[in-house]
Amino acid sequence: MDKQFIETDDAVIRFSGDSGDGMQLTGTLFADTAAFLGNGVSTFPDFPAEIRAPQGSLAGVSGFQVHVGSGEVRTPGDYCDILIAMNPAALKANAQWAKPASTIIVDSDLFTEKNIEKAGIKGANIFEELKLNDRNILYAPITTLTKECLADSTLDNKAKSRSKNMFALGICFYLFNQPLTYAEKYFENKFRKKPQFIEPNKLVLRGGYNYAANIQAIPNTYKIKTSNPEKGVYRNIHGNQATAWGLIAASEKSGLPLFCGSYPITPATGILEELAIRKDLGVKTLQVEDEIAGICTAIGAAFAGNLAVTTTSGPGLSLKSEALGLAVMVELPVVIVDVQRGGPSTGLPTKTEQSDLSQALWGRNGECPLIVMSAQSPADCFEKAFRAAKLAVEHMTPVILLSDGFIANGSEPWLIPSVAGFPDIKAPIVPEGTTGYMPYARDEERLARFWAIPGTPGLEHRIGGLEKDFLKGSPSIDPQNHQLMVDMRAAKVAKVADFIPEQEIIGNTEGDLLAVGWGGTFGHLYTAVTQLQKKGKDISLAHFNHINPLPKNTREIFEKFKQIIVCELNSGQFANYLRMKYPHIIFEQYNKVQGLPFTVIELTNKFNTLITK
Amino acid sequence: MTTKYASQDFKSDQEVKWCPGCGDYAILAAVQKALPEVAEILEYKKERFTFISGIGCSSRFPYYVNTYGFHGIHGRAAAIATGIKVANPALSVWQITGDGDALAIGGNHFIHAVRRNIDLNIILFDNQIYGLTKGQYSPTSRLGTVTKTSPFGTVEHPFVPGEIVLGARGTFFARTLDIDIKLTAECLVASAKHDGTSVTTVLQNCVIFNDGTHKEYADKDIREERTIVLRHGEPMIYGKNRDKGLMIDYENLRLKSVKIGENGITEKDILVHNMENPNPGIHMMLVNMKFPDFPVALGVIRAVKDSTYDDNVREQIERSRQHPVCSNVDELLRSGSTWTID
Ligand SMILES: Cc1ncc(C[n+]2csc(CCOP(=O)(O)OP(=O)(O)O)c2C)c(N)n1
Ligand code: SF4
Ligand SMILES: [Mg+2]
């Protein structure tokens, strides 16, 4: 019998299970297959805070959400159409994310009384308890069936039951009419050195697919319409990986060796890990004793002529404050990547937030301006990391690049650019043979000083954290000189506005309501605003990634809208910054500080209350 | 071809601003004496020398040496110097630090630099006081030291810098006196020749806030009696008449100071200094010798060979570059699974 399927524009699938159940891999394979078929994809992992919480406990639930669509997919989706819950704890932890008309697939073998109790649910019917009765529930004995698929296999029992996630994946592939070939190829590559695992995984995957095809419990299957994405070579990319690669690209373009000094911290560690494996490209990484050493080794490396980077999250940025001031004072290029997480203090290490903005702008002693910018999506981290490095080097200043846990761990397909298409990076290095070098003489266009690299004959000089003479760079306590240097450092950073793109607007350049955001909330804001625009609503979006300095046309944009609402995952840090800059403009706020991204639905609801036409 | 340098070549145009009589002047003279020698022995050009410091009176040092210099922030000199050395291993990197800078606020960076055995030459100016902030006690101040922040005397035990260096698996440790310019220069040349982190502690006098702290063994007339200058391969003999020496007291497993000629002890019974002994046992006993029970040990106490951090980094990179997974960024971006839409 031919399969009946419903064509749909998009669907959200949430895989959840115990942290040992391999849900991240399962979700990734589903996402990659969809991307491979030409669908738009966005993913987001939801890791448990504990690495190995007790099996079956709520604390140990690990999730992975995939949003698949025919065209642009900018967010991993608010609520899911399909929820896979490998045990009762996973069901309980994720019930709130299942849409009213969703399908829920559970491993019935694990829905024992004992496991249900472990999830903290009392009463006979877990679905009733969780108010999920009206969902379409597929009660599949996944563990038993997986073992049956592998009845003839020589794998031990533990290994057999570990592949049950592939059974669940097989069911999902059937549900969405997707081929198994991509996942099968993945097994072949992944287990090249342990070939005994290839066939069993394939068998279980196909077992899940066939099981779904044969039972009567699945009324409909779906097919996501494919669109015509731009031609070219694509890959999936995570934010942290993209950040690391953007920095490596900047190193190649500038001809400066890349140096990264960092201390591990969630959710930034991935960048250090990604850089550490790139010794083949000459990348030097130091895992140092603390975040202070991270930035100080980077400052040292910058003094010695490298493209210097340090990566961290909010608590680490706090530790770097004093040294950031040093970098401002010695006017050396350093890129500081802050992958923000929930704060203050240790806060919510695995959750996302945008609450380090004020710290990035102001968190130092003295008048201490530097460039602050952000990245807006996983793939965008590549371009923004590249740009941060370019600005740091060409303007001889530290740059803080704000990423966040959401875009750092999230992934999306990326049309791979060619490095030749990226702009050149010209480091203002003083050539050998120059006479009369003045460490604090500046170029007129950028007000950047020139970089004399130790080891170059004739350019010996001394710099440091004491206020310096405006030309010679030697210590100076002259009052007028200090005023001049304070003004100069501010003017230098302000001048960067001449070298960054103007702020873009999505939608009309004037009108009723302007939504304003920055950084990692782009996907949700974009989706919410364009949804409303399609319904004919008068709303536009200005999503900022240059925060200090702001793009030159910022004021002009704001003055053309009747209402402006600044949306951010903090209590209003960007809104307050804008109020300080443009006191004549009224900024409404929409804020959320729950460690979670916005949902599109809450944004559209909010905007609808403001839109007058 | 080696360029011949004179001390003068390493003097900068900056006015030296330490207090008159400060021990730092002598250390500056010793460095300016050692550098031409280092340049000659190691065939270094002047531009390879880079001086990095933290904050303190001592840390103003880089301004006075006509080389590349970086005056950092309090306690962080070791980290800044580490970044410089890894970024450019060809540089000869010298770190100037005080007892507060290295052992209080910068203690963490200090022990980790030593543990990594990165090729830095650290000169620790130990005046047992915070000079720049006007005389508060430091981690090396003797128990009971009276300062403005310890008006009734300190109640905490001091660090022995050498003990920390050995505890952190240091490969080079030397100790010298500010006023003994010749010995300081000798230690610094040895430090430059050593591959790996070398720490040279200079017992320095702060005339203003801690005058005479090293006096009881550093004063010229009693110095030979109360200190011992150790030299590799030579017996550990000291004293004006070179009639005293060090032996191991096997019963108590510690060092003992003995008189040659008494109780049948001859020169042959005296311990011979082996700075290259990988086992730090005797070195530890030497750094811990305190007046009046023992002479204070000076000279190069430990200098053992081990692989250095900067060399290991360089080797890993060279190895990876011989068998690269990716040889440029375009290849990197296309590595792993990709798909084509056409
Ligand atoms: C972050 C920070 N904390 C405190 C100080 C104040 N401070 C400057 S130097 C110093 C102590 C210096 O003592 P030491 O390192 O022994 O150097 P000395 O002046 O004795 O040579 C202190 C506490 C500072 N500059 N920075
Ligand atoms: S205060 Fe002490 S250490 Fe500082 S310069 Fe004066 S004498 Fe030297
Ligand atoms: Mg001191």
Inside the stretch A:52-160, counting only helices (runs of 4 or more DSSP H) that do not spill past its ends, which hold 3 or more residues that are under 26 Å from A:Thr28 (Cβ atoms)? A:88-94, A:142-149
Note on the stretch A:372-412: residues open to solvent by 10 Å² or more (accessible area, probe 1.4 Å) and not small (Gly, Ala, Ser) are A:Gln376, A:Pro378, A:Asp380, A:Glu383, A:Lys384, A:Arg387, A:Lys390, A:Glu394, A:Phe406, A:Asn409, A:Glu412
When you go through B:Gly144, B:Gly131, B:Gly135 one by one, which is the residue that is within 9 Å of ligand 3 (Cβ to nearest atom) and away from chain A (no Cβ under 14 Å)? B:Gly131
Output the residue which, of all residues in the stretch A:295-353 that are of a type in the set (Lys, Arg) and in contact with an Asp or Glu (Cβ under 8 Å, 6 or more places away or on another chain), is farthest from the other protein chains (Cβ to nearest Cβ). A:Arg341
Taking the stretch A:241-262 and keeping only residues that are more than 11 Å from every other protein chain (Cβ to nearest Cβ), hydroxyl-bearing (Ser, Thr, Tyr) and under 19 Å from A:Val419 (Cβ atoms), one is left with A:Thr243, A:Ser254
Within the stretch A:23-44, which residues are modelled with pLDDT under 90 and either among the charged types (D, E, K, R) or closer than 27 Å to A:Ser57 by Cβ (or both)? none
Looking at this structure, is B:Asp269 in contact (Cβ under 8 Å) with a residue 24 or more places away in the chain and open to solvent by 60 Å² or more (accessible area, probe 1.4 Å)? yes
Among (1) over 25 Å from A:Lys472 (Cβ atoms); (2) open to solvent by less than 50 Å² (accessible area, probe 1.4 Å), B:Thr2 falls short only on (2)
All but one of (1) outside any helix (DSSP H, G or I); (2) open to solvent by 40 Å² or more (accessible area, probe 1.4 Å) hold for A:Gln178, so report the exception by its number. (2)
How many residues of the stretch B:9-35 are surrounded by 15 or more Cβ atoms within 10 Å (Cβ to Cβ), in contact with a Phe, Trp or Tyr (Cβ under 7 Å, 6 or more places away or on another chain) and of a type outside the set (Asp, Glu)? The answer is 8
Do we find a residue being in a helix (DSSP H, G or I) and surrounded by fewer than 24 Cβ atoms within 10 Å (Cβ to Cβ) anywhere in the stretch A:342-356? no
Of those in the stretch B:297-342 that are buried (at least 19 other Cβ atoms within 10 Å of the Cβ) and either at the interface with chain A (Cβ under 7 Å from one of its Cβ atoms) or aromatic (Phe, Trp, Tyr) (or both), the residue nearest to B:His194 (Cα to Cα) is B:Tyr309
Give me the pairs, please: first residue somewhere in the stretch A:469-492 and among the small types (Gly, Ala, Ser), second residue anywhere and exposed (fewer than 14 other Cβ atoms within 10 Å of the Cβ), beta-carbon distance under 6 Å, and either six or more positions apart or on two chains. none
Run down B:Ile228, B:Ile270, B:Ile248 and say which single residue is closer than 30 Å to B:Tyr130 by Cα, more than 16 Å from ligand 3 (Cβ to nearest atom), in contact with a strand residue (DSSP E or B) (Cβ under 9 Å, 6 or more places away or on another chain) and of a type outside the set (D, E, K, R). B:Ile228
Which one of these does A:Ile265 not meet: (1) hydrophobic (A, V, I, L, M, F, W, C); (2) surrounded by fewer than 24 Cβ atoms within 10 Å (Cβ to Cβ); (3) within 10 Å of chain B (Cβ to nearest Cβ)? (3)
Within 13 Å of ligand 2 (Cβ to nearest atom) and open to solvent by less than 20 Å² (accessible area, probe 1.4 Å): is that true of B:Ser59 in this structure? yes
Given the criterion at the interface with chain A (Cβ under 8 Å from one of its Cβ atoms), surrounded by fewer than 24 Cβ atoms within 10 Å (Cβ to Cβ) and without any contact (Cβ under 8 Å) to a residue 40 or more places away in the chain, identify the matching residue among B:Glu47, B:Glu40. B:Glu47
Keeping to the stretch B:162-177, report how many residues are open to solvent by 10 Å² or more (accessible area, probe 1.4 Å) and either within 16 Å of ligand 2 (Cβ to nearest atom) or more than 14 Å from every other protein chain (Cβ to nearest Cβ) (or both). 6
Go through the stretch A:460-484 and give me each residue that's within 16 Å of A:Ala327 (Cα to Cα) and surrounded by 20 or more Cβ atoms within 10 Å (Cβ to Cβ). A:Arg462, A:Ile463, A:Gly464, A:Gly465, A:Lys468, A:Gly473
Quick check, is B:Gly54 within 15 Å of ligand 1 (Cβ to nearest atom) and more than 8 Å from chain A (Cβ to nearest Cβ)? yes
Looking at A:Val516 and the list (1) over 19 Å from A:Ile407 (Cα atoms); (2) out of contact with any helix residue (DSSP H, G or I) (no Cβ under 7 Å at 6 or more places or on another chain), which single condition is not satisfied? (1)
Test for B:Asn127: is it modelled with pLDDT of 95 or more, open to solvent by 10 Å² or more (accessible area, probe 1.4 Å), out of contact with any Phe, Trp or Tyr (no Cβ under 9 Å at 6 or more places or on another chain) and not acidic (Asp, Glu): no
Mind checking which residues of the stretch A:421-459 are open to solvent by 10 Å² or more (accessible area, probe 1.4 Å), small (Gly, Ala, Ser) and more than 8 Å from chain B (Cβ to nearest Cβ)? A:Gly421, A:Ala427, A:Gly433, A:Gly436, A:Ala441
It is to be established whether one or more residues within the stretch A:242-261 are open to solvent by less than 80 Å² (accessible area, probe 1.4 Å), in the same structural domain as A:Val334 (by TED's automatic domain parsing) and closer than 20 Å to A:Val41 by Cα. yes
Kindly provide the set of residues from the stretch A:11-55 that are surrounded by 18 or more Cβ atoms within 10 Å (Cβ to Cβ) and either among the acidic types (Asp, Glu) or not assigned by TED's automatic domain parsing to the domain that holds A:Tyr79 (or both), ordered by number. A:Asp18, A:Asp21, A:Asp32, A:Asp46
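The values are calculated or read from the model by the stated rules, or taken from the named source; none is laboratory data. Quick caveat: nothing in here was measured; it's all calculated off a predicted structure. Every residue, glycine as well, gets a Cβ built from its backbone with ideal geometry; the counts of neighbours run over all protein chains shown. These area figures cover heavy atoms from the full protein model, side chains too; ligands, DNA and RNA do not enter into them. Shrake-Rupley method; radii C 1.70, N 1.55, O 1.52, S 1.80 Å.
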